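K.L.:
One structure follows; several queries about it will come next.
Rule-based calculations on the coordinates, nothing more; no lab input. Because the structure is predicted, anything quoted here is derived from the model rather than measured. Here the Cβ positions follow ideal geometry from the backbone for every residue, glycine too, while neighbour counts run over all protein chains shown.
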Amino acid sequence: MADLHETARALVAEGKGILAADESSGTIKKRFDSIGVESTEENRRAYRDLLFTTPGAEEFISGVILYDETIRQSSADGTPFPKLLESKGIVPGIKVDLGAKPLAGSPEETVTEGLDGLRERLEEYYGLGARFTKWRAVISIGDGRPSEYAIWTNAHALGRFAALSQEAGLVPIVEPEVLMDGEHSIEESFRVTERTLRALFTELFDQRVEREGTLLKTNMVVSGYDGTDQADIDTVAELTIRCLKNTTPAAIPGVVFLSGGMSDEDATARLNAMNQREPHPWELSFSYGRALQAPALKAWGGDESNVEAAQQAYLRRAKFNGAARTGSYAPDWEREQVPA
Ligand code: 13P
């Protein structure tokens with residue numbers, strides 16, 4: 001297990017965090033639709049290539065989560081993506097769940113699938129260079145949701161995934177995402193996130209998952225996007241930390257947040273505010289998809305001649321979030337032309 005501990009700690013090294021580039025084919029199509037680019041295999045490869053070859057990103061990025069198609073693809077010069085990342089000191093990871101599907105008996109809710117055959121798939125991913133894995137469960141708030149049934153069924157699957165990952169020598173990132181969509185208050189987000197994390201860690205314990213070789217990926221505690229009252233940065237930071245302290249063992253090396261549709265500036269400022277409130281028992285870091293990629297995607301627009309501008313946009317967000325890891329980011333930077 002020593003390697004697992006080391007990998008987990010490397011992923012939350014000071015000043016660094018994770019790039020989530022594991023959009024499934026359906027999700028990346030949505031992202032490409034937003035910039036008017038066709039989602040072909042080559043376009044998906046070219047886009048990921050520009051992110052992974054960004055000079056200097058390794059100063060702020062510790063690991064990248066890949067998708068099944070992406071881990072098998074290569075950079076323009078023929079270097080397989082996992083090899084390319086490894087050569088920069090970035091740990092390659094892989095999303096291994098097969099998506100959230102309607103939960104039998106409670107079809108408004110979902111359970112994440114992908115456990116059948118997972119042991120064999122993990123072995124293959126390890127051979128392809130992955131050293132960590134991710135599994136995302138989705139919990140929604142509203143209209144009597146979430147049920148205890150949905151919370152525990154998803155927590156059980158997360159436990160199965162985590163135990164199998166560690167058996168295969170891969171650090172599991174367990175991700176129960178409480179969605180930010182809805183009209184709920186921040187207090188409701190707190191209660192649901194607390195219930196979800198409590199169930200998760202009960203399952204991890206019961207299924208003999210080593211906490212020291214596991215990372216938690218979760219949502220920040222925020223007001224629902226459609227709520228009338230939007231909590232400020234300090235309230236988000238304080239309630240998120242309190243929720244984690246109530247539920248998350250100190251043995252977990254790090255908590256990496258998802259961005260979940262927050263603006264890229266909010267995602268950075270909120271993480272920064274949490275790290276200004278040190279000390280915490282775990283590292284508080286990022287594993288952002290949209291909040292790291294949105295400006296880069298827009299700058300690229302599918303045009304080869306924009307690759308450098310897109311890389312600068314990505315590097316800028318990576319650098320700002322890297323600073324937020326130590327609470328040293330300043331919102332003024334957003335208004336300045338800070339050289340990346
Ligand atoms: P977002 O940061 O865009 O929410 O994506 C992170 C992720 O990996 C969700 O599973």
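K.L.:
Is segment 167-245 rounded, prolate or oblate when judged by the Cα gyration tensor, a ≥ b ≥ c being the square roots of its eigenvalues, rounded requiring a/c under 1.5 and prolate requiring a/b larger than b/c?
P.N.:
Cα axes put segment 167-245 in the prolate bin.
K.L.:
From Cα pairs below 8 angstrom and at least 6 apart in sequence, can you work out the relative contact order of the chain, rounded to a whole percent?
P.N.:
Contact order relative to length: 19 percent.
K.L.:
Let me ask another. Using only Cα positions of segment 119-180, each an equal point scatterer, no hydration layer, compute I(q)/I(0) via Debye at q = 0.26 Å⁻¹ and quote the log10 values to two decimals.
P.N.:
Summing over Cα pairs of segment 119-180 leads to -1.00.
K.L.:
While we're on this one: So if the hydrodynamic radius of segment 53-117 is defined as the Kirkwood radius over C-alpha pairs, what does Stokes-Einstein give as its diffusion coefficient at 10 °C and 1.306 mPa s, in µm² per second? Before the final figure, lay out the partial values.
P.N.:
On the way: Rh = 14.0 Å.
Using the Kirkwood radius from Cα pairs, D works out to 113 µm²/s.
K.L.:
Amide H to amide H, which residues 5 or more places from Glu283 or on other chains are under 5 Å from it, using H placed in the peptide plane?
P.N.:
Hits under the 5 Å cutoff: Gly254, Val255.
K.L.:
Next question. Starting from the alpha-carbon convex hull of segment 266-340, give the projected area averaged over all orientations, in nm².
P.N.:
Result: a mean projected hull area of 5.1 nm².
K.L.:
Magnitude of the Cβ-charge dipole of segment 73-221, K/R +1 and D/E -1, about the Cα centre, nearest 20 debye?
P.N.:
440 debye
K.L.:
Relative contact order for segment 49-137 using alpha-carbon pairs under 8 Å, separation at least 6, rounded to a whole percent?
P.N.:
29 percent
K.L.:
Okay, next question. Mind listing the Cα extents of the chain along all three principal axes, in Å, largest one first?
P.N.:
51, 47, 38
K.L.:
A further question follows. Could you work out the Kirkwood radius for segment 109-261, taking every pair of different alpha carbons, averaging 1/r and inverting it, reported in Å?
P.N.:
Numbers: mean 1/r = 0.0632 Å⁻¹.
Averaging 1/r across every pair of different Cα atoms and inverting gives 15.8 Å.
K.L.:
What residues qualify as long-range amide H neighbours of Ile141, i.e. H under 5 Å apart, gap of 5 or more or another chain, H built at 1.01 Å from N?
P.N.:
Excluding prolines and chain starts, which carry no amide H, the hits are Leu179.
K.L.:
P(r) for segment 1-155, please, calculated from all Cα pair distances in 5 Å bins and given in %.
P.N.:
The percentages, shortest bin first, are 2, 8, 16, 17, 17, 16, 12, 8, 3, 1, 0.
K.L.:
Along the principal axes of its C-alpha atoms, what lengths does segment 129-216 span, in descending order and rounded to whole Å?
P.N.:
Each principal axis gives a Cα extent; for segment 129-216 these are 41, 26, 18 Å.
K.L.:
Here is a further query. For segment 174-243, what does the relative contact order come out to in percent, with C-alpha contacts under 8 Å and a separation of six or more? Walk me through the intermediate numbers first.
P.N.:
Numbers: 85 pairs, mean separation 33.8, N = 70.
That works out to 48 percent.
K.L.:
Still on this structure, I have one more. Given all pairs of different Cα atoms, what value in angstroms does the Kirkwood hydrodynamic radius of segment 14-81 take?
P.N.:
12.7 Å
K.L.:
Provide Trp300, Trp152, Trp282 in ascending order of the number of other Cβ atoms located within 10 Å of each residue's Cβ, fewest first.
P.N.:
Final ranking by Cβ density, sparse to dense: Trp152, Trp282, Trp300.
K.L.:
Let me ask something else about it. Going toward the positive end of the dipole of segment 68-130, with +1 on Lys and Arg Cβ and -1 on Asp and Glu Cβ, which of Ser74, Pro102, Gly114 do you reach last?
P.N.:
Ser74
K.L.:
Taking the Cα atoms of segment 196-340 alone, what are Rg (to one decimal) and Dmax (as a whole number) in Å?
P.N.:
Just the Cα atoms of segment 196-340 yield Rg and Dmax of 16.8, 53 Å.
K.L.:
Rounded to the nearest 5, what % of the DSSP beta bridges within the chain are antiparallel ones?
P.N.:
Working: 6 of 37 bridges.
Approximately 15 percent, going by the DSSP bridge assignments.
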